Amino acid sequence: MRSYKKESKRLKDSKDAVNSAFRRLGINKKQETIRLVYEISKRDNVKPPDIVRGIPDNFKKIKDELLKRRFPYASLNRQLSRPHLPKLKLDQDSALDLEKSVFYPDNIIAETSASRSKLSDNFRKAFPKAKFSEIKSLKDHLAGKKSSGISDYNKRRGTVFITHENYDFFKKCPCTKMAVGCGYHIFNLSFGCIFDCTYCYLQEYMNVPGLIFPANLDRFFQEFPKYKKPGMRIGTGEFSDSLMLDHITEYSLPIIDFFKKHRDVYFEFKTKSVNIDKVLKANHSGNIVTAWSLNPQSIIDENEFFAPSLKERLKAIKKCADAGYKIACHFDPVIYFNGWEKEYGKVIDMLFDAIKVKDIAWISIGTLRFNPKVKQVIEARFPGNELLDGELVPGFDNKLRYPHSIRHEIYSSMLKMLSKHSKKLPVYLCMENSYMWKELRLRPLCAR
Ligand code: SF4
């Protein structure tokens with residue numbers, strides 16, 4: 001298991017060091033101190049006893065000293081009023097098995113009303129060794145079953161639910177509190193993902209032990225005219241990856257066809273996959289946007305497990321642009337590390353080597369952020385990850401984020417690197433406050 005042994009030993013050494021150096025601390029204070037010692041030890045590769053040596057046994061002094069060392073930038077800039085220091089737990093069962101890269105569900109479970117659908121047939125044909133069963137409804141099936149959290153999430157790729165959606169078709173992207181929204185809308189088709197990104201919010205948000213795919217796309221189409229607003233941007237990539245299983249779901253073809261009748265709307269397929277064969281065969285009307293989330297290869301290797309490489313994604317981008325699709329790129333999350341600027345600069349240059357400025361529909365930039373609860377999930381699922389070594393502190397929306405000035409540095413450098421290719425690119429920030437938008441002199445994308 002990836003670094004689990006090493007990290008559990010580090011945690012034990014941190015506990016031993018704190019217990020022997022600071023005997024008078026109560027349980028909660030000890031817990032916070034152990035976390036700080038562990039995090040410093042992991043990031044700086046220093047032994048825990050060397051971290052606590054020389055610090056007086058007084059909680060205020062211990063905490064001040066360790067916080068300064070763990071979050072030097074945020075401490076210096078007074079951006080650390082409420083550090084998030086929950087109990088640190090690691091256990092072998094929660095760590096993700098990175099060997100299981102191939103997606104092959106053991107169970108395909110269909111609601112009775114969806115069991116004879118084309119989607120059910122497609123899944124049965126694609127996975128003939130899977131056990132197929134029928135349930136009356138997913139809601140009844142899950143009633144009384146308590147999700148066991150991380151271990152259920154780790155097993156989710158083993159089960160596919162095929163459902164008949166009755167009411168949850170579209171919604172406005174909830175964004176985050178106190179942020180400038182981009183006016184995006186969600187076409188709520190499928191829930192859950194076959195990839196495993198360390199930073200994904202779904203690992204804490206998902207409460208279903210499997211991936212959900214509605215079989216009645218036609219009902220979404222019936223409902224859409226009531227929901228539609230001219231000029232809107234809508235897409236399927238919010239609670240799932242739009243194209244990850246498109247060779248089986250075949251969602252893309254009817255969607256592309258349907259939006260020929262709604263040319264005043266932009267529809268976005270947002271993906272990390274390169275599953276574009278069906279999209280390339282379709283005859284589209286120019287309002288379909290194929291979108292990729294991009295990161296340097298070193299970040300993909302360490303954080304986007306089971307997802308295609310940067311080069312593969314760029315190849316797919318080029319093919320879609322050549323087929324006349326508009327392209328969107330999401331630099332989200334941008335991760336801050338030594339040499340980040342050079343690495344992201346290379347990605348931007350590679351992108352514009354592959355396509356032309358006129359192919360771009362929009363570009364978003366968002367820095368790493370997540371609900372505080374996700375931190376413990378990342379630690380447990382990806383022990384030894386370096387993602388959490390950065391200075392992530394509670395931000396304007398209580399999510400853990402880099403301090404304001406680091407985020408400002410990231411956005412202004414990214415904007416500069418993009419403007420080398422064109423000063424007219426439609427760029428927006430994802431989940432940022434109005435203060436940041438103003439400082440960067442950005443204006444939200446209009447009603448789209
Ligand atoms: S591709 Fe997107 S939805 Fe899938 S795990 Fe990664 S971040 Fe989550």
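The values are calculated or read from the model by the stated rules, or taken from the named source; none is laboratory data. These figures come from a predicted structure and were not determined experimentally. Cβ placement follows ideal geometry from the backbone for every residue including glycine, while neighbour counts extend to all protein chains displayed. For the accessible areas, the whole protein counts, side chains as well, though only heavy atoms, and no ligand, DNA or RNA atoms are used. Shrake-Rupley method; radii C 1.70, N 1.55, O 1.52, S 1.80 Å.
Before moving on, here are some points about what is shown:
- Residues within the stretch 201-243 that are more than 30 Å from ASN303 (Cα to Cα) and open to solvent by less than 50 Å² (accessible area, probe 1.4 Å), tallied: 9
- Members of the stretch 1-53 that are among the small types (Gly, Ala, Ser) and out of contact with any Gly (no Cβ under 6 Å at 6 or more places or on another chain): SER8, SER14, ALA17, SER20, ALA21, GLY26, SER41
- Given (1) within 16 Å of the ligand (Cβ to nearest atom); (2) farther than 23 Å from TYR266 by Cα; (3) not aromatic (Phe, Trp, Tyr), number of the condition LYS136 does not satisfy: (1)
- Within the stretch 270-295, tally of residues that are hydrophobic (A, V, I, L, M, F, W, C) and more than 13 Å from the ligand (Cβ to nearest atom): 6
- Among all positions in the stretch 244-260, there is no residue which is open to solvent by 40 Å² or more (accessible area, probe 1.4 Å) and either aromatic (Phe, Trp, Tyr) or within 12 Å of the ligand (Cβ to nearest atom) (or both).
- Contacts under 7 angstrom Cβ, first residue in the stretch 240-263 being in a helix (DSSP H, G or I), partner within 16 Å of the ligand (Cβ to nearest atom), 6 or more apart: ASP246/ASN275; HIS247/ASN275; THR249/PHE213; SER252/LEU243; SER252/ASP246; SER252/PHE269
- Check on TYR402, within 23 Å of the chain's Cα centre (by Cα), within 29 Å of VAL265 (Cβ to Cβ) and touching a residue at least 12 places away in the same chain (Cβ under 8 Å): no
- Count - residues of the stretch 278-299 that are closer than 19 Å to ALA354 by Cβ and surrounded by fewer than 19 Cβ atoms within 10 Å (Cβ to Cβ): 2
- Residue identified as in a loop (DSSP other than H, G, I, E, B) and polar (S, T, N, Q) among SER120, SER81: SER81
- Test: residue in the stretch 19-41 that is open to solvent by 50 Å² or more (accessible area, probe 1.4 Å) and touching a Ser or Thr at 6+ places or on another chain (Cβ under 9 Å): no
- Just one of the numbered conditions (1) in contact with a helix residue (DSSP H, G or I) (Cβ under 8 Å, 6 or more places away or on another chain); (2) farther than 18 Å from LYS272 by Cα; (3) hydrophobic (A, V, I, L, M, F, W, C) is not true of VAL357: (1).
- Each residue in the stretch 162-220 was checked for being out of contact with any Pro (no Cβ under 7 Å at 6 or more places or on another chain), in a helix (DSSP H, G or I) and away from the ligand (no atom under 16 Å from the Cβ), and 3 pass.
- Pick from the stretch 155-186, criterion under 30 Å from ASP97 (Cβ atoms) and in contact with a strand residue (DSSP E or B) (Cβ under 9 Å, 6 or more places away or on another chain), ranking: surrounded by the fewest Cβ atoms within 10 Å (Cβ to Cβ): GLY158
- Within the stretch 300-321, the set of residues being part of a helix (DSSP H, G or I) and open to solvent by less than 20 Å² (accessible area, probe 1.4 Å) comprises ILE300, ASN303, LEU310, ARG313, LEU314, ALA316, ILE317, CYS320, ALA321.
- Those residues of the stretch 172-209 which are small (Gly, Ala, Ser) and on the phi < 0 side of the Ramachandran plot, in sequence order: ALA179, GLY181
- Lone qualifier among ASP301, ASP322, ASP349 - being within 16 Å of the ligand (Cβ to nearest atom), in the same structural domain as GLU386 (by TED's automatic domain parsing) and farther than 29 Å from ALA215 by Cβ: ASP301
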